[in-house]
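Peer 1: Below is one structure. I have some questions about it.
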Amino acid sequence: MTLARIVARTLLRLVPAALVLAAATSAHAVQPLLQHDVVLLEKGDVIEQRVDGGSDAMAAYLKTLGQSLTDAMRTRPSQLPAAGFIVVAVRPEGRTRTWFDFKPALAEATTAALAQAVEATPPMKVRSGDIVFALRVSLWSDKPPKAYAPAPQEWKDATRGMHPKPDVDTLVDMVWPR
């Protein structure tokens with residue numbers, strides 16, 4: 001058998017394996033934004049009272065918001081992989097505010113793009129008070145954050161030295177005055 005035939009046979013055996021490997025790799029490609037959980041920072045009955053349409057309306061908003069955030073991350077492929085929380089507060093007049101708690105910290109351009117995505121997504125209708133929640137996500141990674149609840153630096157700074165710590169509504173009013 002000639003060397004050319006040995007090489008040809010070897011290649012013919014390797015090509016199917018390479019195709020299978022390529023298909024498996026593309027099937028497990030890292031997503032720009034992977035949402036692991038939604039952390040509700042309000043009790044369920046509070047959401048039902050404050051949100052027009054209750055939990056169904058909130059679920060629809062979360063779905064739309066998740067897609068907007070994923071689209072924003074697709075334009076940021078240079079962001080280093082990170083995991084953490086995108087914390088969102090929604091007020092009755094349709095205003096939103098966003099805080100971030102990521103390890104490692106996000107690039108300023110990424111933070112701005114994600115905040116813009118939250119601002120551009122029409123929020124659920126809130127009747128009274130604030131609705132505050134956090135998306136527990138990974139950016140350009142499939143590893144979830146180690147923490148299960150957010151602690152944005154601005155929140156930590158605002159409550160430093162306070163005992164007991166304020167409830168979430170009071171805290172949001174402290175860092176986002178009406």
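Peer 1: Which residues, taken from the range 111-157, are open to solvent by 40 Å² or more (accessible area, probe 1.4 Å), among the small types (Gly, Ala, Ser) and under 15 Å from Val88 (Cβ atoms)?
Peer 2: Ala120, Ala149 - these are the residues of the range 111-157 that are open to solvent by 40 Å² or more (accessible area, probe 1.4 Å), among the small types (Gly, Ala, Ser) and under 15 Å from Val88 (Cβ atoms).
Peer 1: What pairs come up if the first residue lies in the range 119-130 and is over 15 Å from Arg97 (Cβ atoms), the second is among the hydroxyl-bearing types (Ser, Thr, Tyr) and assigned to a helix (DSSP H, G or I), and their beta carbons are under 9 Å apart, counting only those six or more places apart or on different chains?
Peer 2: Pro122/Tyr61; Pro122/Thr64
Peer 1: Taking the stated definitions as given, is Lys43 modelled with pLDDT of 95 or more, over 16 Å from Trp140 (Cα atoms) and either open to solvent by 60 Å² or more (accessible area, probe 1.4 Å) or touching a Lys or Arg at 6+ places or on another chain (Cβ under 9 Å) (or both)? Outline the logic, then answer.
Peer 2: Values: modelled with pLDDT of 95 or more: no; over 16 Å from Trp140 (Cα atoms): yes; either open to solvent by 60 Å² or more (accessible area, probe 1.4 Å) or touching a Lys or Arg at 6+ places or on another chain (Cβ under 9 Å) (or both): yes.
When the stated conditions are applied, Lys43 does not pass them.
One line per residue, one yes/no per condition, for (1) in a helix (DSSP H, G or I); (2) among the aliphatic types (A, V, I, L, M); (3) closer than 25 Å to Ala151 by Cβ; (4) modelled with pLDDT under 95:
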| site | (1), (2), (3), (4) |
| --- | --- |
| Met1 | no, yes, no, yes |
| Thr10 | yes, no, no, yes |
| Ala18 | yes, yes, no, yes |
| Leu34 | no, yes, yes, no |
| Leu62 | yes, yes, yes, no |
| Ala89 | no, yes, yes, no |
| Arg97 | no, no, yes, no |
| Phe100 | no, no, yes, no |
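Matching residues to (1) open to solvent by less than 30 Å² (accessible area, probe 1.4 Å); (2) not basic (Lys, Arg):
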site: Val38; (1), (2): no, yes
site: Gln49; (1), (2): no, yes
site: Met58; (1), (2): yes, yes
site: Ser68; (1), (2): no, yes
site: Met73; (1), (2): yes, yes
site: Arg76; (1), (2): no, no
site: Ala82; (1), (2): yes, yes
site: Phe85; (1), (2): yes, yes
site: Phe100; (1), (2): no, yes
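The values are calculated or read from the model by the stated rules, or taken from the named source; none is laboratory data. Since the structure is predicted, the reported quantities are computational estimates derived from the model, not experimental observations. Glycine also receives a Cβ, built like all others from the backbone with ideal geometry; neighbour counts cover every protein chain displayed. Surface accessibility is based on the protein's heavy atoms, side chains included, excluding ligands, DNA and RNA. Shrake-Rupley method; radii C 1.70, N 1.55, O 1.52, S 1.80 Å.
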